[in-house]
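Working notes, beginning with the structure itself.
The values are calculated or read from the model by the stated rules, or taken from the named source; none is laboratory data. Note that the structure is predicted; figures quoted are calculated from it, not measured. Cβ sites come from the backbone with ideal geometry, for glycine too, and all protein chains shown count toward neighbours.
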Amino acid sequence: MKKFTFFLLIVLFFFLKIDSAYSLKLFEKDFISPYCQGNDSFNSIDIFTSEKIPKNIDIKIINSRSWYKSFFRAVRSIGPKKWMSSQKIDRRAKKYHRAKLTAYYENDLKCIFNANIRIHGSRGDHISPSNFISSMRIKLMDGNILHKSQFILFLPIARNNDNEIFITTLLKELNFLSPLTFSTIVKVNDSEPTKFLFQEKLVRELLTANKRRDGIFLAANKNSQFVKSTNTNSKGTFNLGRVISNMDVGNKKTIKALDKMNYLYLQTMGYGNGTKFIGTNLFKHKEIHYLNIKKDYLNGDNIGFEKFSVFDSIMIATGGVHGLATEDRRFYYDIINDRIEPVYYDGMNKILNKDFELKIYGAFEHHKFGAKKAKDYISKLNISKFQKELNLRGLNLNMNEINNLFLRIVNNLDLILGAELVDFENPYVKKFYSKHEKKNKIKFKLAFNGNNNTFKLCDVFLENCVVEKFNSLEAIDIFKEQVATINGKHIFYVRGTIESYINNLPPDNGGLSGMRKLNFDSDSEIFINNKVKVDINDNTKIIKLLMLDVSGRAVVRGKKLNGWVFSLQGDSKNFTGKNIKPHDVDPQGCITFIDSEIEEISIYAENTTCSNAIQFIRTNGTINTIKIRNAIYDAFDSDFSNLEIKNIEVNNAGQECIGLKGGKYKIIKANLKNCKDKAVSSGEISQVIIEKIEISNSRFGLAAKDSGIIIAKDVKIEKTDVCLIAYRNKIEFQGSYINTSASNYFCENNYYFIHNGSKWENFN
């Protein structure tokens with residue numbers, strides 16, 4: 001009997017242990033293998049440093065015979081040497097091959113990753129037959145290099161050598177979306193080690209590094225294989241937009257992004273394919289045409305117009321007009337600001353070439369506006385910092401060389417300012433596709449709408465229209481393919497509605513531009529939708545917000561917001577959470593502070609039904625008090641910010657009480673109760689310092705994930721399943737780190753989990 005009792009106690013102990021860590025079991029599926037075989041040398045808030053840049057990369061193709069079969073197929077397709085730079089690479093040569101990639105760093109550190117690799121590029125300049133190497137597209141399956149799991153290794157000649165490093169770094173320093181680019185030495189199988197250009201892909205990782213929220217990457221259609229079958233030589237004829245990465249933001253936002261881009265493109269396409277008028281008169285380059293961007297085409301968006309204008313003028317001034325061709329351009333759709341932004345891609349810049357001389361025969365109005373603004377941007381550039389960034393990326397220029405380059409750029413900007421103004425009136429033609437039908441034998445359907453995967457399909461004469469519903473994968477193909485082929489139908493996406501296309505109507509405003517704007521505190525503004533009541537008292541500095549239903553949203557933007565109190569009352573009648581879909585509404589926070597400077601503000605929120613009760617994005621400063629009660633999802637969330645919070649209290653959150661990403665945060669005092677998920681989450685390269693914290697009745701206490709750091713000095717955790725957890729669940733990040741003080745750390749059940757490759761240090 002004693003033995004049976006002892007056995008029962010043992011079983012009971014393990015049952016209780018498992019039950020208390022039930023939350024952990026639910027997360028185990030998300031844990032992935034440790035980064036770099038468990039090496040923790042990369043755990044740091046500083047992303048881009050010399051010791052984190054691989055000096056060498058070694059690639060071993062697992063089935064080398066299959067790889068070289070693809071390689072020689074590519075070589076055959078580009079033909080003799082004199083034609084290779086212009087001939088297209090056979091698409092059949094671009095299949096993925098499994099490989100082992102080893103990255104070698106300083107201090108004899110190396111990391112081994114599993115990878116999928118294929119030949120990259122459309123033309124023969126991406127192939128080097130003499131030494132059996134090519135540009136390569138890389139997908140790391142279990143790791144990252146500088147937080148990039150998808151990247152391209154370019155033969156330098158395919159991107160005009162070090163010009164690519166210069167222009168990508170310059171645009172990055174000027175706050176444009178520009179892919180990280182640096183030089184490294186690469187060895188493929190038994191080939192000789194060769195210099196390559198490392199460049200990240202246009203995916204979510206680029207947005208995170210540039211402090212942007214999830215949005216949509218767009219590209220021009222270019223000249224698809226289907227278009228070639230129509231026997232047309234008009235490259236501009238089919239240059240509308242397609243989605244290249246939408247990050248699962250949903251159909252409505254995807255349609256919004258494509259509608260804005262395609263409206264912009266259609267304003268240029270009315271002149272045939274745009275080549276004859278624009279190319280001949282602007283740059284005398286008959287195969288490239290360019291967007292004539294006007295503020296009206298961007299719904300009066302001053303910031304968006306300035307971004308386009310400065311970007312385009314810098315590209316011209318540095319000889320990067322290849323990246324302005326309508327068939328090659330890339331864009332990012334910012335959902336909150338409802339803005340299309342230019343993204344650098346394949347500029348083939350020439351500014352480092354001694355023989356480069358800009359010849360310009362005309363300029364659009366936005367080029368001239370941008371040239372003037374660009375000179376201001378460059379004058380404010382920190383040249384020493386810029387030089388350091390270039391050196392890190394493998395382009396070693398002395399200060400005199402850099403100053404001379406900027407002198408050339410400024411002189412070229414002056415040439416743009418002095419060029420003949422080129423303009424045209426109303427180029428839009430609503431029967432654009434029908435007029436090309438006879439000549440080019442266009443047989444595809446024009447597609448409109450797309451909400452709930454339901455499209456309106458018409459012939460090129462805008463006749464014989466039918467409404468057809470597709471499944472989710474088919475709808476994605478319509479949005480992302482140059483011309484989608486589904487059930488024998490060739491489908492070409494045009495705009496959000498057929499009426500907007502026929503009447504050339506600009507897209508409806510969305511994001512902040514679709515909200516009501518109220519000014520307060522002289523240089524601050526609050527945006528609200530029609531589901532919010534607001535009361536602003538300038539004397540007491542109190543703003544009261546009442547959410548009328550679950551879609552109510554408020555956004556604050558202030559240059560120097562000092563001493564204000566925000567009181568938020570949620571939609572209490574819907575607090576049960578039934579029929580709530582908060583992720584369909586942007587921004588995600590009931591109240592969101594974005595691009596602001598704050599000082600000594602306080603925020604109170606109750607009964608919120610948004611994805612986040614309170615949200616901060618790219619905001620810096622101090623907060624006196626945060627009090628949140630009854631948040632059906634996350635209570636407090638912050639991205640890409642630098643905040644000090646003196647006191648935060650949360651009681652009852654359906655998910656996280658505090659979620660912090662991509663920034664530096666200091667919490668003086670926190671009291672967190674009834675957090676159904678994590679009490680404090682630090683993730684995606686964020687650093688959190690906590691002076692004093694009490695956590696009770698929660699699922700997880702302190703959680704560091706995906707290169708997150710938590711340093712907590714005084715910790716008390718009660719009635720919580722797992723007090724500490726540090727782990728990695730996204731391949732683009734490393735392990736995580738928690739630091740506590742043993743003398744001031746109390747965990748009632750002492751349950752914790754530290755994933756291999758992460759670390760917890762508990763010092764006296």
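Being over 30 Å from residue 515 (Cβ atoms) and either buried (at least 18 other Cβ atoms within 10 Å of the Cβ) or touching a residue at least 12 places away in the same chain (Cβ under 8 Å) (or both) holds for only one residue in 418, 370, 362, and it is 362.
Within region 717-752, the set of residues being assigned to a strand (DSSP E or B) and in contact with an Asp or Glu (Cβ under 9 Å, 6 or more places away or on another chain) comprises 717, 718, 723, 727, 737, 738, 739, 740, 741, 745, 746, 747. Residues that are surrounded by fewer than 20 Cβ atoms within 10 Å (Cβ to Cβ) and either touching a Cys at 6+ places or on another chain (Cβ under 6 Å) or basic (Lys, Arg) (or both) were ranked within region 101-150; the one that is modelled with the lowest pLDDT is 123. When residue 268 is tested against the conditions (1) part of a helix (DSSP H, G or I); (2) at pLDDT below 90; (3) surrounded by fewer than 21 Cβ atoms within 10 Å (Cβ to Cβ), the lone failure is (3). So for region 537-550 (the condition being surrounded by fewer than 21 Cβ atoms within 10 Å (Cβ to Cβ), assigned by TED's automatic domain parsing to the domain that holds residue 445, assigned to a strand (DSSP E or B) and charged (D, E, K, R)), does at least one residue qualify? Scanning region 537-550, I find no residue that is surrounded by fewer than 21 Cβ atoms within 10 Å (Cβ to Cβ), assigned by TED's automatic domain parsing to the domain that holds residue 445, assigned to a strand (DSSP E or B) and charged (D, E, K, R), so the answer is no. Of all residues in region 308-340, those satisfying the criterion of being under 19 Å from the mean Cα position of the chain (by Cα) and closer than 17 Å to residue 417 by Cα are 308, 311. In region 508-564, the residue that is modelled with the highest pLDDT out of those that are more than 30 Å from residue 259 (Cβ to Cβ), within 31 Å of the chain's Cα centre (by Cα) and among the basic types (Lys, Arg) is 560.
For region 346-367, the set of residues classified as touching a strand residue (DSSP E or B) at 6+ places or on another chain (Cβ under 9 Å) and part of a loop (DSSP other than H, G, I, E, B) consists of 346, 362, 364, listed by residue number. Considered as a group, the residues in region 236-250 that are over 15 Å from the mean Cα position of the chain (by Cα) and part of a strand (DSSP E or B) include one that is modelled with the lowest pLDDT, and that residue is 241. In summary, strands (runs of 3 or more DSSP E) completely within region 607-687 and bearing 3 or more residues that are touching a strand residue (DSSP E or B) at 6+ places or on another chain (Cβ under 8 Å) and surrounded by fewer than 21 Cβ atoms within 10 Å (Cβ to Cβ) occur at 620-631, 642-653, 664-675.
In this structure, residue 333 does not qualify as touching a Leu at 6+ places or on another chain (Cβ under 7 Å), part of a loop (DSSP other than H, G, I, E, B) and either buried (at least 18 other Cβ atoms within 10 Å of the Cβ) or of a type in the set (Ser, Thr, Tyr) (or both). Taking the residues in region 314-328 that are in a helix (DSSP H, G or I) and out of contact with any Asp or Glu (no Cβ under 8 Å at 6 or more places or on another chain) as candidates, determine which candidate is surrounded by the fewest Cβ atoms within 10 Å (Cβ to Cβ). So the residue we want is 321.
Here 162, 142 are screened, and the one residue that is among the charged types (D, E, K, R), in contact (Cβ under 8 Å) with a residue 60 or more places away in the chain and within 24 Å of residue 391 (Cα to Cα) is 162.
Return the residue satisfying two criteria in turn: it lies in region 512-527 and is over 14 Å from residue 596 (Cβ atoms) and of a type in the set (A, V, I, L, M), and of such residues it is surrounded by the fewest Cβ atoms within 10 Å (Cβ to Cβ). Of everything passing the filter in region 512-527, 518 is surrounded by the fewest Cβ atoms within 10 Å (Cβ to Cβ).
Does residue 167 count as in a helix (DSSP H, G or I) and in contact with a helix residue (DSSP H, G or I) (Cβ under 6 Å, 6 or more places away or on another chain)? The answer is no for residue 167. Regarding region 480-497, can at least one residue be identified that is assigned to a loop (DSSP other than H, G, I, E, B), at pLDDT 85 or above, closer than 29 Å to residue 292 by Cα and hydroxyl-bearing (Ser, Thr, Tyr)? Yes: one or more hits. Number of residues in region 718-747 that are of a type in the set (A, V, I, L, M), buried (at least 18 other Cβ atoms within 10 Å of the Cβ) and more than 19 Å from residue 665 (Cβ to Cβ): the value is 2.
If you go through region 731-751 and keep only what is free of Cβ contacts under 8 Å to residues at least 40 places away in the same chain and under 30 Å from residue 205 (Cβ atoms), you end up with 738, 739. When restricted to residues that are in a loop (DSSP other than H, G, I, E, B) and either β-branched (Val, Ile, Thr) or not assigned by TED's automatic domain parsing to the domain that holds residue 415 (or both), region 368-399 contains 0. When the criteria are applied in full, residue 456 meets the requirement of being within 13 Å of residue 446 (Cβ to Cβ) and surrounded by fewer than 20 Cβ atoms within 10 Å (Cβ to Cβ). Considering 148, 60, the condition of being touching a residue at least 24 places away in the same chain (Cβ under 8 Å) and under 18 Å from residue 191 (Cα atoms) is satisfied by 60 alone.
In the set (1) modelled with pLDDT of 90 or more; (2) under 20 Å from residue 421 (Cα atoms); (3) surrounded by 19 or more Cβ atoms within 10 Å (Cβ to Cβ); (4) of a type outside the set (A, V, I, L, M), residue 304 fails one condition alone, (2).
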